Amino acid sequence: MSYAPPRWLPTVVADLRAVSADLLEPGLAPAAPIGAMGGHGPLLRGLLMAADAFAALTPRLLSELDLTADGTSGEWRSTMVPRGARPSTAPHDFVVSLGVALPLRWLRFDAEQRPDAGALRWMLHLCDQLRQQLHTHGLRLGRQLEEALLVRSGESTWAVQDSQTLRGLAQDVQQRLVSMRQTEVGIRAAAGRQIFGSDRAPVPYPQQPAWSRLKRLARELLNPQAMLGTMLNDLLAEPIALADVPFLYQRWCGLHLVQAFERLGWKRRGDLTGALFLGGRVELSGVGAGQLTIWIEPRVSRATMPLTGWGCASIGDELTPDFLITCGEAGMRDAFVLDATLATSDEVLNSKSKYRLGIVGIDTLLVAGVPVARRPLRSWAIAPLDSTLCRLNDPEGRTGGVPLHPGRRDLRALDSWVADVSLHAQRQAVRAVTSSMELEGAVQ
């Protein structure tokens, strides 16, 4: 059964692609991958495919390479033919006739036949380029995975599955690095002597089919933007399954959530792409001492409670809101939840209130001198509602819906919701500074 994607999907794709093409990939989404080797961003995915292609092509490249005489190594052989030879220096290779020594044998140098060294040096250069790029992207991916593993840790089946998927992404890169080292060994063995890589393609260039394929591969490898363009063209040419659309919309909402804080003067620290792609945190600092953190796709559980400051009300439970916004100093931290959905019915929007009662903080709240559990101040949905105003689901506004429709691109409702969070975070910062000053005064 086929589904027609929403008309606004190109807007979401364009906005995400403008930040990073990685955000078009499924990451940890359980949906079928949009392209091959799902889970990786297009550029790294292209490198993995290029590494596989190069490793698979190397045996054919070596076998198709013409042998040429190596003038630096070979063997002097005795011959009866003087052409291309020189007289021997051995006395028994001469005969004396009429008082004149005449050579009977000559010495001819037979140069060793080896593959074209220039072609091998170029192959070595391409192999080294692949290894360096894989190493660079592997380091970046490693930092993203380290954060995602912390934020999404837990004891449930889903947490274990996420951990395996994340670690699998790192293993993909390591396997290609090992493959490139093995390929390099094969190239050096074919040379039969020490050689160094060269960025100059061999002249004349071999005309065999495998070498024609290598020329196309090298063009993309040495120009990553060309590779990225090819990957994106393939990606956008394929129909995007309906199951992928919610995850694209969720990331799009996360992108606009961060940008809404930035429009209010908050400064972002750290990597945005990695957090949106695999899960993590985005830290923001405001005017003065204001600080807040946007946790993207956190697994709220006993395992992550020391990290985020928030856990579940019931022992053993795990909740995964799309965005958990926390602010305040330890001991008085508050939280706001925003969960993205494509549904616009009141029933679905109201269901997002489960996070307000299901999530509790490490910090307690004193009410009339009695400690009570601290819960998120708001737990709202964000959805493509056809409205310009936020929808309140209760008189106090603790639950509701934020309209964010890609087709309308009206950000006023989101800005209003974010402005409340921003104001609360700034007031918390002021109270923290005031309390600190009062405490110092009391001590003195």
Q. How would you classify region 73-173 from its alpha-carbon gyration tensor, with a ≥ b ≥ c the square roots of the eigenvalues: rounded for a/c under 1.5, else prolate if a/b is greater than b/c, otherwise oblate?
A. prolate
Q. Of the listed peptides 374-384, 312-322, what is their order by residue-averaged count of other C-beta atoms within 10 Å, with the highest listed first?
A. 374-384, 312-322
Q.
For ILE382, what residues show an amide H to amide H distance below 5 Å, using hydrogens built from the backbone and excluding near sequence neighbours?
A. ASP339, ALA340, THR341, VAL402
**Q.** Qualifying chymotrypsin sites (Phe, Trp or Tyr not before Pro) for region 119-196 [loop in DSSP, other Cβ within 10 Å: at most 12]
**A.** PHE196
Q: Can you tell me the order of 359-369, 171-181 when each peptide is scored by its average per-residue count of other Cβ atoms within 10 angstrom, highest first?
A: 171-181, 359-369
Q) In nm, to one decimal, how far is the LEU389 label point from the ASN223 one, both placed 7 Å along Cα→Cβ? A) 5.5
Q.
I need the fraction of alpha carbon pairs in region 344-436 separated by more than 16 Å, rounded to a whole percent.
A. 64
Q. Ordered by residue, what ³J(HN,Hα) values in Hz, to whole numbers, does region 413-418 give under the Karplus form 6.51 cos²θ - 1.76 cosθ + 1.60, where θ = phi - 60° and Gly and Pro are x?
A. 5, 4, 4, 5, 5, 5
Q) Ranked from highest to lowest mean number of other Cβ atoms within 10 Å per residue, what is the order of the peptides 93-104, 47-58? A) 47-58, 93-104
**Q.** Dimensions in Å of region 338-387 - Rg and Dmax from alpha carbons
**A.** 14.3, 45
Q: May I ask you to compute the full-extension gain from VAL96 to SER345, defined as 0.36 nm times their residue separation minus their alpha-carbon distance, rounded to one decimal in nm?
A: 78.3 nm
Q | region 284-352: trypsin sites (Lys or Arg not before Pro) in DSSP coil with no more than 10 other Cβ atoms inside 10 Å | A | none
Q. Magnitude of the Cβ-charge dipole of region 324-444, K/R +1 and D/E -1, about the Cα centre, nearest 20 debye?
A. 160
Q) Which FRET efficiency, nearest 0.05, do GLN182 and GLU146 yield, Cβ-Cβ r, R0 30 Å? A) 0.65
Q: Would you work out if region 129-184 is rounded, prolate or oblate? Take a ≥ b ≥ c from the square roots of the eigenvalues of the alpha-carbon gyration tensor; rounded if a/c is under 1.5, else prolate when a/b is larger than b/c, oblate otherwise.
A: oblate
Q) Taking square-rooted eigenvalues a ≥ b ≥ c of the alpha carbon gyration tensor, is region 235-339 rounded, prolate or oblate, where a/c under 1.5 means rounded and, failing that, a/b exceeding b/c means prolate? A) oblate
Q) For region 316-367, what % of the accessible area comes from carbon and sulfur atoms, probe 1.4 Å? A) 51
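The values are calculated or read from the model by the stated rules, or taken from the named source; none is laboratory data. Small disclaimer: the values here were computed from a predicted structure and weren't measured. As a convention, Cβ positions derive from the backbone with ideal geometry for all residues, glycine included, and neighbour counts pool all protein chains shown. Protein only, heavy atoms only, side chains kept; ligands, DNA and RNA dropped before computing areas. Shrake-Rupley method; radii C 1.70, N 1.55, O 1.52, S 1.80 Å.
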